[in-house]
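Reviewing the structure listed below.
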Amino acid sequence: MPQREIVHHYAGPPSFYRAPLRRPEELPEGSVAVLGVPLDSWNLGRNGQRLAPRAIREASLYLAGYYGLQVPLGTGYVSVADGSVSTVPEEPRLFDVGDVRLHQTDVQAQTEAIAAVVEAIAARGATPLVLGGDHYVPYPSFLGFVRAMRERKENVTVGFVNFDGHFDFWDEFRDMGRYNHGTFARRIHDMDEVGKMVWWGLNGTHIIEPEQFEVCREHGYAGYTVGSIRRRGVEETMREALEIASEGADYVYVTFDIDVTDGAFAPGTHSIVVDGLTSGEVLQAVSLLPELGERLGAFDVCEMIPQYDVGGGRTARYACHVILAALGDRFLDSTPRYSAAELAEVFR
């Protein structure tokens, strides 16, 4: 009889963190739905992002066992920050809906295919968790989320946060036109429903062109460079970024580009940055996203490339940790268990 519950990380079906499989129309209200977008068709440079959703799912299997996040183990893990214990709930709140249908050479058809599934997820009252794919993916994902929210609230406004080493705010990018990984943020800006846009983790001093800079000034957008983050601190800059993105917004969409992190820590990505943020600094910032509460409407992770992920798949595993920090509070139960005094008996 094949094992159906506890299995080793190298066995069994590779759903994200061992989440049950569901169709979008079967998702319960308040759940988190993982959607893969194995796409790298509109990307200038290194390719392979199409392999990322599978790689991230497979990396999550080891962590599911390591943290006791698979039923019926249910042991969970202790937060050394506050003494709470996180476990998988008896009724799952994390589901995997599989991958979108691909239209590799048709940008309009692909945009609609992504938007349609994200819309179906959000329409059920679930949080879309999108695994890219190159960094064109956030535009159709944002589009689908907005469509669903229009049905819930008239004149909806959605703020936008981009963890990224780059602006990606060109109106047209090189010879690739208006729909690609270098223009996705501009296409989001073009939408009536977008509120304030914020970039966090920008790398370098030559990161924006004059026309883009003027658009950002005119609309009150904000960018946080590696220099400003290190000068002012991760928590101060991140909380300020979230405050700006939340201003007048019903929801906030968050996109995470792996290259917000220095290439020494996350080599499996498209645009390796130097003198970037450490993985610890970035995880510290991501861990503040739950402070948005119900306004955190959707989250994606993009630009992971498995074939460049040296060191035993560290970037794929890093992506899993990022997701756990951002959305773990939504699909895990967290129960206060140990006091500060009790924690101090072990963690000095």
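The values are calculated or read from the model by the stated rules, or taken from the named source; none is laboratory data. Bear in mind the structure is a predicted one, so any value in this text is a computation, not a measurement. Please note: Cβ atoms are built from the backbone with ideal geometry, for glycine as well, and neighbour counts cover all protein chains shown. These area figures cover heavy atoms from the full protein model, side chains too; ligands, DNA and RNA do not enter into them. Shrake-Rupley method; radii C 1.70, N 1.55, O 1.52, S 1.80 Å.
Think of each Lys and Arg Cβ as +1 and each Asp and Glu Cβ as -1; about the Cα centre, that makes the dipole of the chain roughly 800 debye.
A simple spin-label model places pseudo-atoms 7 Å from Cα toward Cβ; at ASP190 and ARG239 they are separated by 3.8 nm. Ranked by the mean number of other Cβ atoms within 10 Å per residue, highest first, peptides 142-150, 219-227, 114-122 order as 114-122, 142-150, 219-227. Counted by Cβ distance under 12 Å from TYR338, the other residues give a net charge of -2, where Lys and Arg count +1 and Asp and Glu count -1. Taken per residue, the accessible surface of the chain reaches 44 Å², heavy atoms only and a 1.4 Å probe.
Given Cα pairs under 8 Å that are at least 6 residues apart, what percent is the relative contact order of segment 154-216?
43
Post the alpha-carbon centroid distance, segment 322-337 to segment 221-285, in whole angstrom. What the calculation gives is 20 Å, centre to centre. The residues ASP259, ASP99, sorted by heavy-atom accessible surface at 1.4 Å with ligands and nucleic acids left out, run ASP99, ASP259 from largest to smallest.
Relative contact order of the chain, taken over Cα pairs closer than 8 Å and 6 or more residues apart, is 22 percent. A helix-only calculation puts the chain at -10500 deg cm²/dmol for mean residue ellipticity at 222 nm, using -39500 (n - 2.57) for each DSSP H run of at least four residues, averaged over all residues. Ordering PHE16, HIS181, GLY293 by the projection of their Cα atoms onto the charge dipole of the chain, which places +1 on the Cβ of Lys and Arg and -1 on the Cβ of Asp and Glu, puts PHE16 at the extreme positive end.
Accessible area of the chain with a 1.4 Å probe: how many percent of it is carbon plus sulfur? Roughly 50 percent of what the probe reaches on the chain is carbon or sulfur. Amide H to amide H, with H built 1.01 Å from N, LEU277 comes under 5 Å of ASP262, counting only residues 5 or more places away or on other chains.
Enclosing the Cα atoms of segment 242-348 in their convex hull gives a volume equal to 152 cubic angstrom per residue.
With each label modelled as a point 7 angstrom along the Cα→C-beta vector, the LYS153-ALA109 pair spans 3.6 nm. log₁₀ I(q)/I(0) of the chain at q = 0.08 Å⁻¹, via Debye over equal Cα point scatterers, no solvent, to two decimals? Normalising to I(0) and taking log10 leaves -0.36. Evaluated at q = 0.10, 0.19, 0.21, 0.22 Å⁻¹, a Debye calculation over the C-alpha positions of segment 19-169 (equal weights, vacuum) places log10 I(q)/I(0) at -0.42, -1.23, -1.33, -1.38.
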